[in-house]
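Inspection log for the structure reproduced underneath, given as structure tokens.
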Amino acid sequence: MELNEYQKKAIETAVYDQKYKVIYPALGLGDEAGEVLGKVKKWLRGDDGEGVMSDERRDAIKLEIGDVLWYLAVLARDLDLSFDDIAKANIEKLHSRKERGAIKGNGDYR
């Protein structure tokens, strides 16, 4: 599936009061990203007794990553951004950093 196609399909399911435009998806993004981290933490901690990345655990994380993707799609729409434009800008930024030897380090504009 193409990025913009996913974004369009995700937006079809976005039902929330537009007075919370940007705020609602941004908060949801943080919440869902935390759920991904929680599942990874429990894997690391070995809650299953073995610390194994089972198919079940991987599938649960996949679902949470999907929720992160949904919130990103809606947040981007609320900001009048397309996934394709975001992805293109990100790749250009990363390639520029690599060419300049600035992949490692701190700061958004290095």
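The values are calculated or read from the model by the stated rules, or taken from the named source; none is laboratory data. As the structure is a prediction and not an experimental result, all values here were calculated from the model. When we count neighbours, we look across all protein chains shown, and the Cβ atoms used for this are built from the backbone with ideal geometry, even at glycine. All accessible areas refer to the heavy atoms of the entire protein, side chains included, with ligands and DNA or RNA removed. Shrake-Rupley method; radii C 1.70, N 1.55, O 1.52, S 1.80 Å.
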- Of 90-102, 22-34, 53-65, ordering from highest average Cβ density within 10 Å down gives 22-34, 53-65, 90-102
- With the Cα gyration tensor of the range 53-110 giving a ≥ b ≥ c as the square roots of its eigenvalues, does the rule (a/c under 1.5 for rounded; else a/b larger than b/c for prolate; else oblate) give rounded, prolate or oblate? oblate
- Item | For the chain, alpha-carbon Rg and Dmax in angstrom | 17.0, 46
- Rolling a 1.4 angstrom probe over the protein heavy atoms, how many square angstrom per residue are accessible across the chain? 74
- Whole-Hz Karplus ³J(HN,Hα) for the range 27-32, in order, using 6.51 cos²θ - 1.76 cosθ + 1.60 and θ = phi - 60°, x for Gly and Pro? 5, x, 4, x, 4, 5
- Message: Can you compute 3J(HN,Hα) from phi for each residue in the range 90-105, using the Karplus curve 6.51 cos²θ - 1.76 cosθ + 1.60 with θ = phi - 60°, rounded to whole Hz and x for Gly and Pro?
- Response: 5, 5, 4, 4, 5, 5, 4, 4, 5, 4, 8, x, 10, 4, 7, x
- Task: Using a 1.4 Å probe over the heavy atoms of the protein chains, calculate the carbon and sulfur portion of the accessible area of the chain as a whole percent.
- Result: 57
- Item | Sequence-distant lysines (8 or more away, or on other chains) whose Cα lies within less than 29 Å of Lys93 | Lys8, Lys9, Lys21, Lys62, Lys104
